[in-house]
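Single-structure report; data block below.
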Amino acid sequence: MDQRKYNIYFHTHTISGIIIAALLFVIFFAGSFSFFKDDITAWQKGKSHSHVQSQADFNYVLDSMDTKHNLLGRNFDFYILRSGQETYVNMSVSQDTTISKPQAKSEKSKGRRGRGLRNEDSAYFLHSFADKSQSSYEEGYNIGEFLYRLHFLAQLNQVPIRLGTPFGYLIAGIVSFLFLFALITGLFLHWDKIKNNFFLFRPWSKWKTVWTDMHTVLGVIGFPFQLVFAITGIILIVNFALIGPFSKLLYNGDQEELYQDLQYNRKMEVTYSYQPLSKSFDVNAFVNNWMKEWPESDISRLYIRNYGDKSMQIALETTPKSNANFAGSGYVRMQVLDGKQLEVKSPKTDATYVDWVKSLVYHLHFGDYGGLTLRIVYFVLGLLGCVVIISGIMIWLVAREKPNIPTYKRKFNFWAANLFVSISLSMLPVTAFTLIMLKFSPTINQSLIYNLYFYSWLVMIIYLLILRDLTKVNKHTLVLSAILSLSVPIANGVTTNLWLWKTLQAKSYDIFFIDILFITISILCMFAFLKVKKQGKSFKILK
């Protein structure tokens, strides 16, 4: 490779990497734990989903709502979570103008799917099929949901900046694009050395060599995984930018129609007849009938239009289990009055091109097609990506720690690296601390989780910055991570009596797995601390 190309690749790789370093670490770290989102949720609530599968009772939801509202003419959307144990319920105002409140006070909905203005006569809540409890989105919020949304920076959507999309999603999209640049330029940069240095790792050499080997080896080995995540992340986060031009070119700017063709939205416009339905309708029977027809599928959505009216329609949407069919989606829409099937699409035989593309993107990104084993592999590869990011920061810093560089520049470089490292390394002890505190909190909601995580994170970052020594930062975070991670299963046992041996005996494998995961993390952190304590050299700011 000639020197000009090398310089282009080197500077592009370095600049794009440094710009996104801290945010990319947050995305990778939170995303790694998001592979166990349902397990973390079960651990927090102390309710296993491994062996207890509650039957989805939609009739109960409707009956309970009927005691509070007149349901005639209302539309219902059920968004069933992946565990199948909970569903978000979105109830509209009635289509019957003699019942609805057209001038009711409206307020901003804070639900993740209930965006926009919400009438006070409508409802949006989380329903648990297991204990038949209902809560608002904020009340039903959990740490699994928090980490999942943190991995695409959804919390930054609170920033009142709108440039065509919520601020957090915009930042996550930009980071994904720059990450793709850093990956490709990094591969070109090291292409000539891949054959000779693929497994070259010299842990006993000087620190710059150690960081360089770690960055190169882990970066090259994890390149396919990281490339998949960069591409699928871009598609999932910034699809608004990709879809916009197509909607203008092919759909005359009608994005709703485009989203419908891409199967993100289901258009069910039903004219209200103002004539009551003369018979009752069993929603559970309808769902169970089609789930017997499609046994290798899971319910994802249920739609009801014009409830209790002669024009009432019901629709069911399913997704096939990945071990039965990698791609596909099931959909059936029926007219309740006469039982006429208006649309039927089998998840087994009617997979479309859109189904294949969507399934490929989702399965590759979420790692939900190979069971727990694959999710563990994804988790490890995700954390290796975090190591690559940290080692990249250290290479950048050490390469600029030279006598010929002015002191003020060296100080700036140190503080920049110190800030990046402090933000990144503090995430593990903060995550463990939040899990522990949630076990001792009598009431858990979105505000509590935000306060626990973000304030403790801020305190931890300030504390690490004050140390002004990267080796001390590493040691302190490792010790705290080891202690707090080991305390996670202890806190679970003390507060819920769900000790390791009990969850294993009860086949509560999801709760058992989270305890074992943090015990393993604790052991690894302690091992790393002993290594750093023995071999680490002080790296602190110039005086």
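Of the solvent-accessible surface of segment 454-527, computed with a 1.4 Å probe over protein heavy atoms with every protein chain present, carbon and sulfur atoms account for 75 percent. Each residue was assigned an accessible area with a 1.4 Å probe, and for PHE414 the value is about 10 Å². Length gained on full extension, LEU504 to SER135, computed as 0.36 nm times the residue gap minus the Cα-Cα distance: 129.9 nm. Taken over segment 354-414, the convex hull of the Cα atoms encloses 104 Å³ per residue. For GLY308, the residues 5 or more places off, or on other chains, whose built amide H falls under 5 Å of its own are GLY73. Using C-alpha pairs below 8 Å separated by at least 6 residues, the relative contact order for segment 363-488 is 27 percent.
Applying 1/(1 + (r/R0)^6) with R0 = 51 Å to the Cβ-Cβ distance of LYS534 and THR443 gives a FRET efficiency near 0.70. Under the simplified labelling scheme, the ILE174-SER278 pair shows an inter-label distance of 6.3 nm, with each label point 7 Å from Cα along Cα→Cβ.
If you take the beta carbon distance between ILE483 and VAL354 as r and set R0 to 51 Å, what does 1/(1 + (r/R0)^6) give as a FRET efficiency, to the nearest 0.05?
Between ILE483 and VAL354 the formula returns 0.55.
Rounded to the nearest whole Hz, the Karplus-based 3J(HN,Hα) values (6.51 cos²θ - 1.76 cosθ + 1.60, θ = phi - 60°) of segment 73-85 follow the sequence x, 8, 9, 10, 10, 9, 10, 7, 6, 4, 5, x, 9, with x at glycine and proline.
Just how far, in whole angstrom, is segment 478-509 from segment 268-296 if you go by their alpha carbon centroids? Segment 268-296 and segment 478-509 have Cα centres separated by 44 Å.
Between THR495 and SER64, the simple spin-label model (points 7 angstrom out along Cα→Cβ) gives 2.3 nm. With the simple model of a label 7 Å out from the Cα in the direction of the Cβ, TYR463 to LYS267 spans 5.6 nm.
The values are calculated or read from the model by the stated rules, or taken from the named source; none is laboratory data. This is a predicted model, so every value here is computed, not measured. Please note: Cβ atoms are built from the backbone with ideal geometry, for glycine as well, and neighbour counts cover all protein chains shown. Heads up: the accessible areas ignore ligands, DNA and RNA and are worked out on the full protein's heavy atoms, side chains in. Shrake-Rupley method; radii C 1.70, N 1.55, O 1.52, S 1.80 Å.
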